[in-house]
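What follows is one structure encoded as structure tokens, with my remarks underneath.
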Amino acid sequence: MSKGPGLFADIGKKAKDLLSKDYNSDQKFSVSTYSDAGVALTSTAVKKGGLLTGDVAALYKHKNTTFDVKIDTESNMSATLTFTDLLPSTKTVALIKLPDYNSGKLEFQYFHYHATFTTAVALNQSPAIDVTATIGTPAIAFGAEAGYDTTSGSFTKYTAGISVTKPDSYASIILGDKGDSIRASYVHHLDLLKKSAAVGEITRRFSSNENTFTVGGSFAVDHLTVVKAKLNNHGKLGALVQHEVIPKSVLTISSEVDTKALHKNPRFGLAIALKP
């Protein structure tokens, strides 16, 4: 793949990951094992309220092909097959879900030094079509996304965004929800290895005249421990600690508190995972 501007989905992703990835307010237990043959098996159990759900996933990588399948306790199955460089500078992704086979899709991605293009088609009788395009360089990128429903003959979504990347910072602006919302984010790395960072994000929804401002970040205490926290103007406070207990074994403890309703019980989550 070329070192171009990246996919449209990458615009704003760094800030989104810092403010949402690994945060968990439910009781969660996940264990993964990895083999030298390229097979990964993951078992996950989640307790939300009084409901306990779980799933088993298998991931297999061989050369330019990746096969990922997941089965949950409600007998739902999803399978994703990814081919890299089936054609030069391309990636093809096929997703199938059972028993809801109408939610499957086929996606084609094309990468160039100054542009990327993706198109995704739903695998049903009246397919919806999603198209994205991004132009620029690794330092600055402009992109747009559109979704079209062939049944109603109307656009289901259209989004535009811009991102600017520097060695120690990253900024993005996304106009989404058919022009009803705008989200701006900024990430600043605090060390050369980019293990610690501060992030700020503001979202405005024009139809409801609502603003949401969130600040947060991550800090590497040492090479084994990372602390993350976030807080928005609605009083939602989240925090987590990740510690590598043994090689490839990371313990994550996270919690979420509504600071404007401290008389209520805070929610806590526990996740244990093995990762390569």
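The values are calculated or read from the model by the stated rules, or taken from the named source; none is laboratory data. Source: prediction; values computed, not measured. Cβ coordinates were reconstructed from backbone atoms using ideal geometry, including for glycine residues, and neighbour counts include every protein chain displayed. Note: areas computed on protein heavy atoms with side chains; ligands, DNA, RNA excluded. Shrake-Rupley method; radii C 1.70, N 1.55, O 1.52, S 1.80 Å.
For this structure, a couple of remarks:
- Annotation note: Cβ proximity below 7 Å between a residue of segment 230-257 that is farther than 13 Å from Leu19 by Cβ and a residue that is among the hydrophobic types (A, V, I, L, M, F, W, C) and not in a strand (DSSP E or B) (sequence gap 6+ or interchain) occurs for His243/Leu224; Glu244/Leu224.
Yes/no matrix, rows are residues, columns are (1) within 19 Å of the chain's Cα centre (by Cα); (2) under 25 Å from Tyr170 (Cβ atoms):
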site	(1), (2)
Leu192	no, yes
Ser208	no, no
Ala229	yes, yes
Gly238	yes, yes
Gln242	yes, yes
Ser249	no, no
Ser254	yes, yes
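- Of the set (1) farther than 16 Å from Lys13 by Cα; (2) open to solvent by less than 40 Å² (accessible area, probe 1.4 Å), all apply to Phe219 but (2).
- Any hit, segment 114-136, residues being open to solvent by 50 Å² or more (accessible area, probe 1.4 Å), in a loop (DSSP other than H, G, I, E, B) and closer than 18 Å to Ile11 by Cβ: yes
- Looking only at residues of segment 137-155 that are hydroxyl-bearing (Ser, Thr, Tyr) and within 23 Å of Ser103 (Cα to Cα), we find that the one that is surrounded by the most Cβ atoms within 10 Å (Cβ to Cβ) is Tyr148.
- Restricting segment 202-216 to residues that are touching a residue at least 24 places away in the same chain (Cβ under 8 Å) and of a type in the set (Gly, Ala, Ser), the residue that is least open to solvent (accessible area, probe 1.4 Å): Gly216
- Of all residues in segment 100-113, those that are over 25 Å from Met77 (Cα atoms) and open to solvent by 60 Å² or more (accessible area, probe 1.4 Å) total 3.
- Subset of segment 158-201 (residues that are buried (at least 19 other Cβ atoms within 10 Å of the Cβ) and among the acidic types (Asp, Glu)): Glu201
- Residues of segment 202-212 include none that is at pLDDT below 95 and in contact with a Phe, Trp or Tyr (Cβ under 9 Å, 6 or more places away or on another chain).
- Of the residues making up segment 64-74, just one is open to solvent by less than 90 Å² (accessible area, probe 1.4 Å) and outside any strand (DSSP E or B), namely Asn64.
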